[in-house]
Amino acid sequence: MKLLIAAILSFATPFAAHAGTDWQKKALSAVKAEKTVLDAKWRMPSQNVLWVAMAGDGSSRDGFAEYLCEVITDTAPAGALKTVWIYDPASYKAGGTAMGTAACK
């Protein structure tokens, strides 16, 4: 029984570490509140990489990614580099690339 509990805890700890900090949770809520955003998640919370799903219309979303940088920077600690990566879920599953990206300062 102790071995089973230890095994469960060893798997649970890494996932708990990726739940995100308070600022990441606030930033994620702010991004998800945007009308054109279908979904958003921290792809790599430890490296502050935010994936944002939007419907594709063939246009670049670099400008919107830069706007989202402003949204998440309002909640982030000073100096933390963040990256926003915007994708169309259907296109991504078919091997598509990002519709927009931005490195936030």
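The values are calculated or read from the model by the stated rules, or taken from the named source; none is laboratory data. Treat the numbers as computed from the prediction; the structure is a model and nothing was measured. Counting neighbours? That spans all protein chains shown, and the Cβs are built from the backbone with ideal geometry, glycine included.
Some points to look at:
- Note on the range 64-105: residues that are under 13 Å from Val52 (Cα atoms), of a type in the set (A, V, I, L, M) and part of a loop (DSSP other than H, G, I, E, B) total 2.
- Evaluation of Trp23 against (1) aromatic (Phe, Trp, Tyr); (2) within 14 Å of Ala103 (Cα to Cα); (3) touching a residue at least 40 places away in the same chain (Cβ under 8 Å) (one fails), failing number: (2)
- If you go through the range 1-57 and keep only what is surrounded by 10 or more Cβ atoms within 10 Å (Cβ to Cβ), among the charged types (D, E, K, R) and modelled with pLDDT of 90 or more, you end up with Lys25, Lys26, Lys32, Glu34, Asp39, Lys41.
- Whichever residue in the range 39-60 is within 22 Å of Ala76 (Cα to Cα) and hydrophobic (A, V, I, L, M, F, W, C) and, among such residues, is farthest from the chain's Cα centre (by Cα): Ala53
- Where a residue in the range 79-105 is in contact (Cβ under 8 Å) with a residue 12 or more places away in the chain and over 17 Å from Gln24 (Cβ atoms) and its partner, wherever it lies, is crowded, with 20+ Cβ neighbours inside 10 Å and charged (D, E, K, R), with Cβ under 6 Å and at least six apart: Ile86/Arg61; Met99/Arg61; Met99/Asp88; Gly100/Arg61
- Given (1) more than 16 Å from Lys25 (Cβ to Cβ); (2) in contact (Cβ under 8 Å) with a residue 24 or more places away in the chain, index of the condition Ile72 fails: (1)
- Flag for Lys41 being basic (Lys, Arg) and either under 21 Å from Thr21 (Cβ atoms) or in contact (Cβ under 8 Å) with a residue 24 or more places away in the chain (or both): yes
- Of residues in the range 72-105 being surrounded by fewer than 16 Cβ atoms within 10 Å (Cβ to Cβ) and aliphatic (A, V, I, L, M), the one nearest to Asp39 (Cα to Cα): Ala90
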